[in-house]
Amino acid sequence: MVIAVTGLAIALVFNPVWIEFEQERSGVPAATGYTIDEVHAITRSILADLFFGPPEFAVTVNGQPVLDVAERAHMVDVHNVVVPFTIFFGVSTLFLVALVVASRRGGWLWRAIARGSGTLALIGIVVGVIVLFFFDAAFLAFHLVVFPQGNFTFDPRIERLTQLFPDQFWTETSIAVAIVGLGIAVLVNRVAQRQAARRSG
């Protein structure tokens, strides 16, 4: 349940609509020198390579590559993390749905979902506070754990990856994921509590 809710929150935020909105808010066209249409085309190409592959990240503008060798190598590492998580999210969601269907008359599953979603809501609050007040440290810690090889430091003055996805983008996106995840967790908790009470009654 935790994986399903977390994955859903990320999917609802980390999509072209939100990403392009945040890039405009973060001043990406001015930072990169690309037009807004070029920024959108670059971002969609990167997302396509990230989720569907092949993970080449060789998008160009006017015949010039957008990302350098180090940036492309890092995005390949991101692809290798995102794809397994996406598969795990899908399998976990299907498994949860199957459990709900198979146990629709039993209250034990709904009580377990209520406990899990309640715990996740508390975690969401903690994560939101950490992101709000300690984003830089949290961002670095996340990258050190997920990318221990350390190829995630780029110069925002000359490298496009950090210009396309600046600190403001990641800060506001992380807060949005925490808020959406908290909302989903609270909603699931309310539904699960009602379903458990109905079956107990």
(message) Mean-square fluctuation check for the chain, GNM, Cα pairs under 10 Å: which of ILE123, ILE87, ILE113 is largest?
(response) ILE87
(request) Report, to the nearest whole %, how much of the accessible area of the range 10-69 belongs to carbon and sulfur atoms, 1.4 Å probe, protein only. (result) 62
(message) Expected output is a single nm value to one decimal: the length gained when fully extending between ALA48 and PHE14, i.e. 0.36 nm times separation in residues minus the C-alpha distance. What is it?
(response) 11.0 nm
(request) For the range 144-201, state which trypsin sites (Lys or Arg not before Pro) are in a DSSP loop and have at most 15 other beta carbons lying within 10 Å of their beta carbon. (result) ARG157
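Starting from the Cα-Cα distance between ASP77 and LEU140, subtract it from 0.36 nm times their residue separation and give me the gain in nm to one decimal.
Numbers: separation 63, 0.36 × 63 = 22.68 nm, distance 1.59 nm.
Extra length from ASP77 to LEU140 when fully extended: 21.1 nm.
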(message) Mean Kyte-Doolittle hydropathy of 1.0 or higher plus an axial Cα length of 15 Å or more: which whole DSSP H helices in the chain meet both?
(response) 2-13, 69-102, 107-146
(message) Taking the Cα centroid of the range 65-141 and of the range 1-27, what is the distance between the two, rounded to the nearest whole Å?
(response) 12
(message) Rolling a 1.4 Å sphere over the protein heavy atoms, what is the accessible area per residue of the range 1-128, to the nearest Å²?
(response) 54
(request) Could you look at the range 137-193 and say what percent of its accessible area is carbon and sulfur, using a 1.4 Å probe and all protein chains? (result) 69
(message) I'd like the distance between the alpha-carbon centres of the range 39-55 and the range 160-186, rounded to an integer number of Å.
(response) 18
(message) As a test of reading the structure, rank GLU56, GLU20 by solvent-accessible area (1.4 Å probe, protein chains only), most first.
(response) GLU56, GLU20
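In percent, what relative contact order does the chain have, based on Cα pairs under 8 Å that are 6 or more apart in sequence?
So the answer I get is 35 percent.
What whole-number value in Å² describes the accessible area per residue of the range 146-201 for a 1.4 Å probe? Mind showing how you got there, number by number?
Values: 3190 Å² over 56 residues.
Heavy-atom accessible area per residue stands at 57 Å².
Can you tell me the FRET efficiency between ARG190 and VAL126 if r is taken as the Cβ-Cβ distance and R0 is 25 Å, rounded to the nearest 0.05? Write out the running numbers ahead of the final one.
Numbers: r = 20 Å, r/R0 = 0.81.
For R0 = 25 Å, the calculated efficiency reads 0.80.
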(request) Rank-order 41-50, 174-183, 75-84 by packing density, defined as the average count of other C-beta atoms within 10 Å over each peptide's residues, highest first. (result) 174-183, 41-50, 75-84
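The values are calculated or read from the model by the stated rules, or taken from the named source; none is laboratory data. Please read these numbers as outputs of a predicted model, since none were measured by experiment. FYI the Cβ positions are ideal-geometry reconstructions off the backbone, even for glycines, and counts take in every protein chain you see. These area figures cover heavy atoms from the full protein model, side chains too; ligands, DNA and RNA do not enter into them. Shrake-Rupley method; radii C 1.70, N 1.55, O 1.52, S 1.80 Å.
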